[in-house]
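*Asks:* Here you go, one structure.
The values are calculated or read from the model by the stated rules, or taken from the named source; none is laboratory data. Every value quoted in this text rests on a predicted model; they were computed, and no experiment measured them. Cβ: placed from backbone, ideal geometry, glycine included. Neighbour counts: every protein chain shown. What goes into the accessible areas is simple: the full protein's heavy atoms, side chains included, and nothing from ligands, DNA or RNA. Shrake-Rupley method; radii C 1.70, N 1.55, O 1.52, S 1.80 Å.
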Amino acid sequence: MTTHLTPRRERWLLLTLASIQFTSVLDFMIMMPLGPQLTQLFDISAGQFGFLVSAYTFAAGLSGLLAATYIDRFGRKRMMLTLYPLFGIAAMACSLAPTYAWLMTARVASGFFGGVLMALSQTIVAEVIPFERRGRAMSVVMTSFSVATVAGVPLALFLASSFNWHAPFLAIAIMVSVFALGALKTLPSLKGHVQTPSDDGSAPSILSNLRLVLVDPNHLRAYAMSSSMVFAGFAVIPYITLYLQANAGFQTEQIPYVYLCGGVCTLISARFIGHWSDRAGKDYAFRRLALLMPLPLLAMTLSADLPMAGVLVVSSILFVVMSGRMIPGMALIGASADPRRRGSFMTLNSAVQSLAMGLAALVGGQILGRDGNGHLTHYWMAAVLGGGASLLSFALASKLRLHGAAKS
């Protein structure tokens, strides 16, 4: 069920999907460096801030579970042009939030509408791009993470410092309105997957379709790998800003350099990792990066005594390895889906990832404490937990059966 596009249309499609991903990723990521401001403004603890981060991911997980019941009944373009503007409205609601409760509610709405966007983008890539070129295509879409860190987060922090913390969310809402117009022109309809009524006029059973997705052992292995892959990073990542300011003495104006350096490095490395995974094999590339992941995770949580340059090196390596795993990892997960139920599979996968992110941020927040000097404590324990999850994803990757290609 592959739609053939001209090279020019394919490039525009990938750029459109990357733009949509950029706003979605930025909306999620900007909460983390805003942590010190929000904890002070709303007088909340690190654990309560963890709930604020988790609210987005748990809502995204719930949205994915619900979307899995209907996503294969509509064209991909129609779904995208419905959910994406609603996501923009939720971002606008975040920009208007006067209280912690309002912001929590708006973050739930953002997660609910934005949680399906990543799965929908990855599903479109899997349906349009042949497997042998999917690593490179996925690297284009995944550069949205790099651009969000190298440009989006520093710019958003500049807006927050120049105006207030509401400004970044207003900027996201404006960008969504622009990119939605681009999606209207560039996205193919992709209706070949739409389930049609049977001979007796009845539509395929929603529960039956979900059951077929969930009883497939290969799908369950993919979900286990997917959840452990994202859990590994998000036990540590949401608290980097709090840690650097509390333990390493970073000033507010120095935090953007962490995201700027990390973003530049991932922007450069993403394309190389995409080509490498296509040449060496997605399984090989992912397992090497997953095996490496525990080292920069632990190094990040023990970097408080390093000079600023050393912290930037450690954090940049962590960003490169963490985002790099996602390129071959998502290609593997997309290829493990039964093509007849790929939309439902990928949407459920998005839900699984969102729930794993939320759980990781929640657990990480509960592990952390503060000593008498205000320093964060036990951060290294979150890294150990994340490293164990990464090793689990390493083991599970070799168990997947891929559709349309033999593993290298």
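*Asks:* Within the stretch 153-176, restricting attention to residues that are of a type outside the set (A, V, I, L, M, F, W, C) and assigned to a helix (DSSP H, G or I), which residue is surrounded by the fewest Cβ atoms within 10 Å (Cβ to Cβ)?
*Replies:* Ser162
*Asks:* Would you mind finding the one in Val313, Val264 that is open to solvent by 10 Å² or more (accessible area, probe 1.4 Å) and within 21 Å of the chain's Cα centre (by Cα)?
*Replies:* Every option except Val264 fails the conditions.
*Asks:* Examine the stretch 365-380 for a residue that is surrounded by fewer than 22 Cβ atoms within 10 Å (Cβ to Cβ) and within 19 Å of the chain's Cα centre (by Cα), and state whether such a residue exists.
*Replies:* Checked the stretch 365-380: no residue is surrounded by fewer than 22 Cβ atoms within 10 Å (Cβ to Cβ) and within 19 Å of the chain's Cα centre (by Cα).
*Asks:* Could you list all residues from the stretch 68-80 that are modelled with pLDDT under 75 and either closer than 21 Å to Leu214 by Cα or open to solvent by 50 Å² or more (accessible area, probe 1.4 Å) (or both)?
*Replies:* Within the stretch 68-80, Ala68, Thr69, Tyr70, Ile71, Asp72, Arg73, Phe74 meet the criteria.
*Asks:* Quick test of your reading of the structure: Thr39 fulfils all but one of (1) buried (at least 18 other Cβ atoms within 10 Å of the Cβ); (2) part of a helix (DSSP H, G or I); (3) modelled with pLDDT under 85; (4) not small (Gly, Ala, Ser). Name the failing condition by number.
*Replies:* Result: Thr39 fails condition (1) only.
*Asks:* Here's something else I'd like to know. In the set Arg279, Arg288, Arg271, which member is in contact (Cβ under 8 Å) with a residue 40 or more places away in the chain and charged (D, E, K, R)?
*Replies:* Of Arg279, Arg288, Arg271, the one residue that is in contact (Cβ under 8 Å) with a residue 40 or more places away in the chain and charged (D, E, K, R) is Arg271.
*Asks:* Quick check, is Ser303 touching a residue at least 12 places away in the same chain (Cβ under 8 Å), open to solvent by less than 20 Å² (accessible area, probe 1.4 Å) and in contact with a Cys (Cβ under 8 Å, 6 or more places away or on another chain)?
*Replies:* Criteria not met by Ser303.
*Asks:* Can you find, within the stretch 38-47, the residue that is farthest from Ser344 (Cα to Cα) among those that are touching a residue at least 40 places away in the same chain (Cβ under 8 Å) and not β-branched (Val, Ile, Thr)?
*Replies:* Here the residue is Leu41.
*Asks:* Test each condition in (1) within 23 Å of Gly388 (Cα to Cα); (2) of a type outside the set (Lys, Arg); (3) in a helix (DSSP H, G or I) for Leu348 and report the one that comes out false.
*Replies:* Leu348 satisfies every listed condition except (1).
*Asks:* Here's a check for you: in the stretch 1-36, which residue that is of a type in the set (Val, Ile, Thr) and in a loop (DSSP other than H, G, I, E, B) is modelled with the lowest pLDDT?
*Replies:* Taking the candidates together, the pick is Thr2.
*Asks:* Which of the helices (runs of 4 or more DSSP H) contained wholly in the stretch 228-344 include at least 1 residues that are out of contact with any Ser or Thr (no Cβ under 6 Å at 6 or more places or on another chain) and farther than 28 Å from Thr39 by Cβ?
*Replies:* Where helices (runs of 4 or more DSSP H) fall fully within the stretch 228-344 and carry at least 1 residues being out of contact with any Ser or Thr (no Cβ under 6 Å at 6 or more places or on another chain) and farther than 28 Å from Thr39 by Cβ, they are 255-280, 282-292, 294-301, 308-335.
*Asks:* Which residues, taken from the stretch 381-408, are within 22 Å of the chain's Cα centre (by Cα), open to solvent by 20 Å² or more (accessible area, probe 1.4 Å) and either among the acidic types (Asp, Glu) or under 30 Å from Glu127 (Cβ atoms) (or both)?
*Replies:* Leu392, Phe394, Ala395, Leu396
*Asks:* Also, I was wondering about something else. Could you list, in sequence order, the residues of the stretch 119-152 that are under 17 Å from Leu13 (Cα atoms), aliphatic (A, V, I, L, M) and open to solvent by less than 30 Å² (accessible area, probe 1.4 Å)?
*Replies:* Matches in the stretch 119-152: Ala119, Leu120, Ile124, Val125, Ala126, Val128, Ile129, Ala137, Met138, Val141, Met142.
*Asks:* Suppose we keep only residues that are more than 18 Å from the chain's Cα centre (by Cα) and of a type in the set (Phe, Trp, Tyr) within the stretch 267-295. Which one would you say is least open to solvent (accessible area, probe 1.4 Å)?
*Replies:* Per the stated criteria, the residue is Trp276.
*Asks:* Consider Tyr56 against the criteria (1) more than 18 Å from Met346 (Cα to Cα); (2) out of contact with any Leu (no Cβ under 8 Å at 6 or more places or on another chain); (3) open to solvent by 50 Å² or more (accessible area, probe 1.4 Å): it satisfies all of them except one. Which criterion is unmet?
*Replies:* (3)
*Asks:* So in the stretch 204-239, with the set limited to residues that are over 25 Å from the mean Cα position of the chain (by Cα) and surrounded by fewer than 17 Cβ atoms within 10 Å (Cβ to Cβ), which one is modelled with the highest pLDDT?
*Replies:* Among residues in the stretch 204-239 that are over 25 Å from the mean Cα position of the chain (by Cα) and surrounded by fewer than 17 Cβ atoms within 10 Å (Cβ to Cβ), the one modelled with the highest pLDDT is Val215.
*Asks:* For the stretch 240-249, indicate whether the set of residues that are within 18 Å of the chain's Cα centre (by Cα) and touching a residue at least 24 places away in the same chain (Cβ under 8 Å) is non-empty.
*Replies:* Yes, the stretch 240-249 contains at least one residue that is within 18 Å of the chain's Cα centre (by Cα) and touching a residue at least 24 places away in the same chain (Cβ under 8 Å).
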